[in-house]
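Accompanying notes for the structure given below.
Where a number appears in this text, it was derived from the coordinates with a stated rule and is not lab data. None of these values were measured; they are calculated from a predicted model. Neighbour counts run over all protein chains shown; Cβ positions are idealised from the backbone, glycine included.
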Amino acid sequence: MKSRERPGDPGPTVSVLIPLHNKRCTIGATVRSALDQSLADIEVLVIDDGSTDGSSQELDDVRDERLRVRRRENRGANLTRNELLAWSSGRYVQFLDADDLLAPTKLERQSQQLDDAPHAAASICAVRELTPDGSVEVLLPPDPDHLVQDLAHRGAITVGVLHRREPLMASGGFDPRRTAAQEYELHLRLALRSHWDTVVTTSEALGSWNRVDGNAITADHGRVYRQKAAALVELLELAERSEDVTSLRAALLNAARHLARVPDLAAARSAATIGLVDRMAVEQALPRRHRFMRRSPGALVTAELLESRLRRLSGSLRRPSSLVD
């Protein structure tokens, strides 16, 4: 275990911040992955946001002075994240969901990256995505040279990002209005407001992220894309470069296509109306067969809805029937 001596600085190198709500089965492993880091100079802060399953009781037997836990009534995940940020004192900040895992050397490797690049606002690593079917995919970090475009298109997974404190604090933290896609909005806002002028990356997968259960109800899928679309509309006001505007509008078109499949046709038409005004966004986001619909949000949304229903019907017809004695 490596610790760093910084005379006159009472704070740790890294604050690991974990909002907790009804994750009793996973919180123990998540906290252990933080405490077992090769970098010992850390604090691990947990706020139990009104769990009803005894989640934080899983931590009662952990004997490590670096771990501190608070319990209170439910206030929501993003208010909890911001409260954790205000409570923390680390030079660098790692947000960690209560079912994610850190590789043993993650905080040491990325904090060293930031030490070596004092102008960088964050270090972003690749992340292992644990899928519902048990497979593992590696999600690469965004390209620093095309940061807004990559963040708008595919985002950056929370567990992969180690923040420098000052830019994160200057951003105001998480938007408490967001009920989904909160890290997507935060990272794009950081980039658009120039808090993320410079980031460093590594293609090594140093964190693991559990994808939402593949059997999640359709309404949850719709909620994610409604929140993405709402965030993108607001973020357009921050975009100054034409290529950034195009990237956000292309992401809006992508959200519109997903919303049409839910279906949430009103939200899909609203997002498509804003995205379709940009010819470059249309070319980036829409398959060639749909590009002729660029002047008609209603036609685009209807086409996406019909295609999704035909795909589901085709899949059900190909699926072999079960035999019943």
>> Given a 10 angstrom Cα cut-off, can you work out which residue in Arg291, Arg189, Arg164 is the most mobile in a GNM of the chain?
In response: Arg291
> So how far, in whole Å, is the C-alpha centre of the stretch 276-300 from the one of the stretch 28-101?
Replying inline: 44
>> Below 8 Å, C-alpha to C-alpha, sequence gap of six or more: please give me the relative contact order for the chain in percent.
In response: 15
> With a sphere of radius 10 Å drawn around the Cβ of Thr26, what net charge do the other residues whose Cβ falls strictly inside it have (Lys, Arg +1; Asp, Glu -1)?
Replying inline: -2
>> Need the C-alpha centroid separation for the stretch 119-165 versus the stretch 251-267, integer Å.
In response: 24
>> Rounded to the nearest 20 debye, what is the charge dipole size of the chain about its Cα centre when +1 sits on each Lys and Arg Cβ and -1 on each Asp and Glu Cβ?
In response: 1340
> Between Asp197 and Leu310, what FRET efficiency follows from the Cβ-Cβ distance if R0 is 56 Å, with the result rounded to 0.05?
Replying inline: 0.80
>> Sequence gap at least 6, Cα distance under 8 Å: using those rules, report the relative contact order of the stretch 38-120 to the nearest whole percent.
In response: 36
> Any idea what angle helix 242-261 forms with the longest principal axis of the chain, computed on alpha-carbon atoms, 0 to 90 degrees, nearest 10?
Replying inline: 70
> Any idea how far apart Asp143 and Gln57 come out in nm if each label point goes 7 Å out from Cα toward Cβ?
Replying inline: 5.1
> Around Leu259, with a cut-off of 12 angstrom between Cβ atoms, what is the net charge of the other residues, counting Lys and Arg +1 and Asp and Glu -1?
Replying inline: +4
> What number comes out for the charge environment of Leu238, summing +1 per Lys or Arg and -1 per Asp or Glu over other residues with Cβ under 12 Å away?
Replying inline: -2
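Would you mind classifying the stretch 14-210 by shape? Square roots of the alpha carbon gyration tensor eigenvalues, ordered a ≥ b ≥ c; an a/c under 1.5 is rounded, otherwise it is prolate if a/b is larger than b/c and oblate if not.
Here the stretch 14-210 falls in the rounded category.
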> If amide H atoms are built 1.01 Å from N in the plane of the peptide, which residues on other chains or at least 5 residues away come under 5 Å of the amide H of Ala122?
Replying inline: Arg164, Val200
